[in-house]
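These notes concern the structure reproduced below.
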């Protein structure tokens, strides 16, 4: 009796499905979606830092007296941007603290930036406590994010004369 040699259609389909499943398992394992998501979150934070710095520099050009009064009020200390009496929240940046003083820029920067950014990815941050900080020391204006995920820090610095 002669048996036919080869694979049946069911064997070929099962092998193809097995190859596809293995491909997707390896693709997900090596693409590391968690790191990509953290990178995207940091991009949102970098946009907020950039927008705040641009607004502060516009304020310097258009209303220098107000700009310098604002910077002199910082007294070399880091302030979280927010309208609350005391700001804070989770932090991974060295500059930020769980509780830190607030600096209300809502009236000052609204014509340059509306609304004032707040970290949209951390539930504790809002208009009253934004998750972004501002400091001025040794003629350097620094604006940064309090909760970078992938990077050590997200900040911009500008030398102010």
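The values are calculated or read from the model by the stated rules, or taken from the named source; none is laboratory data. Just so it is clear, the structure is predicted and the values come from calculations on it, not from any experiment. Cβ coordinates were reconstructed from backbone atoms using ideal geometry, including for glycine residues, and neighbour counts include every protein chain displayed.
A few notes on this one:
- Of all residues in the stretch 32-90, those that are touching a strand residue (DSSP E or B) at 6+ places or on another chain (Cβ under 6 Å), closer than 19 Å to residue 161 by Cβ and either part of a helix (DSSP H, G or I) or without any contact (Cβ under 8 Å) to a residue 40 or more places away in the chain (or both) total 3.
- Filtered residues of the stretch 98-113 (kept if within 27 Å of residue 66 (Cα to Cα), assigned to a loop (DSSP other than H, G, I, E, B) and either in contact with a strand residue (DSSP E or B) (Cβ under 9 Å, 6 or more places away or on another chain) or modelled with pLDDT under 80 (or both)): 104, 105
- If you go through the stretch 1-33 and keep only what is closer than 30 Å to residue 117 by Cα and surrounded by 10 or more Cβ atoms within 10 Å (Cβ to Cβ), you end up with just 32.
- Which numbered condition residue 48 fails, given (1) touching a helix residue (DSSP H, G or I) at 6+ places or on another chain (Cβ under 9 Å); (2) buried (at least 18 other Cβ atoms within 10 Å of the Cβ); (3) more than 14 Å from residue 106 (Cα to Cα): (1)
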